[in-house]
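Novice: Dropping the structure in here first, questions after.
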Amino acid sequence: MLIVSEEAATAIKDLCDSPGAPDGAGLRIYARPISDNEATLELELAPEAAPGDQVMEESGATIYLEPHAAVYLNDKVLDAQTDDEQVRFMINEQEDASG
């Protein structure tokens, strides 16, 4: 399951509450194919989940995961860094708790 850091949750809430964001917006993460075997992850503010999306609520932030993105992100951590009003999201590997 995707883990959302506190920094990422705060950044998502701030983006969704910003002027011009759709009412009730969440951050939608989806896979956009770039070739037969490759895809890139894209982000957008969306007013609601698309059909088939997995909906996550984390620390007050709403995240919509398109099915292909959800599979890829299943064992990842979504983190964020905010600098000068810009947000950079990062996908990291989950740390192995057994070691």
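The values are calculated or read from the model by the stated rules, or taken from the named source; none is laboratory data. This is a predicted model, so every value here is computed, not measured. When we count neighbours, we look across all protein chains shown, and the Cβ atoms used for this are built from the backbone with ideal geometry, even at glycine.
Novice: Restricting the search to segment 67-86, which residues are buried (at least 17 other Cβ atoms within 10 Å of the Cβ) and under 18 Å from Ala21 (Cβ atoms)?
Specialist: Of everything in segment 67-86, just one residue is buried (at least 17 other Cβ atoms within 10 Å of the Cβ) and under 18 Å from Ala21 (Cβ atoms), namely Ala80.
Novice: Another question, then. What is the residue count in segment 75-94 for residues that are under 21 Å from Met56 (Cα atoms), of a type in the set (Asp, Glu) and in a loop (DSSP other than H, G, I, E, B)?
Specialist: 1
Novice: So, one more: Just one of (1) at pLDDT 95 or above; (2) touching a helix residue (DSSP H, G or I) at 6+ places or on another chain (Cβ under 7 Å); (3) crowded, with 18+ Cβ neighbours inside 10 Å trips up Tyr64, so point out which.
Specialist: For Tyr64, the failing item is (2).
Novice: So the check is Cβ under 8 Å with 6+ separation or different chains; which pairs have a first residue in segment 11-25 that's of a type in the set (D, E, K, R) and a second one that's part of a loop (DSSP other than H, G, I, E, B)?
Specialist: Short answer, once both residue conditions are applied: Lys13/Ser59; Lys13/Gly60; Asp23/Pro47.
Novice: Ala11: among the hydrophobic types (A, V, I, L, M, F, W, C), within 21 Å of Gln86 (Cβ to Cβ) and part of a loop (DSSP other than H, G, I, E, B), yes or no?
Specialist: no
Novice: Checking the structure you have, find out if any residue of segment 53-60 is on the phi > 0 side of the Ramachandran plot, in contact with a Pro (Cβ under 7 Å, 6 or more places away or on another chain) and not aliphatic (A, V, I, L, M).
Specialist: no
Novice: What tally of residues in segment 1-57 results from selecting those that are out of contact with any Leu (no Cβ under 8 Å at 6 or more places or on another chain), closer than 22 Å to His68 by Cβ, surrounded by 11 or more Cβ atoms within 10 Å (Cβ to Cβ) and acidic (Asp, Glu)?
Specialist: Total satisfying the criteria: 3.
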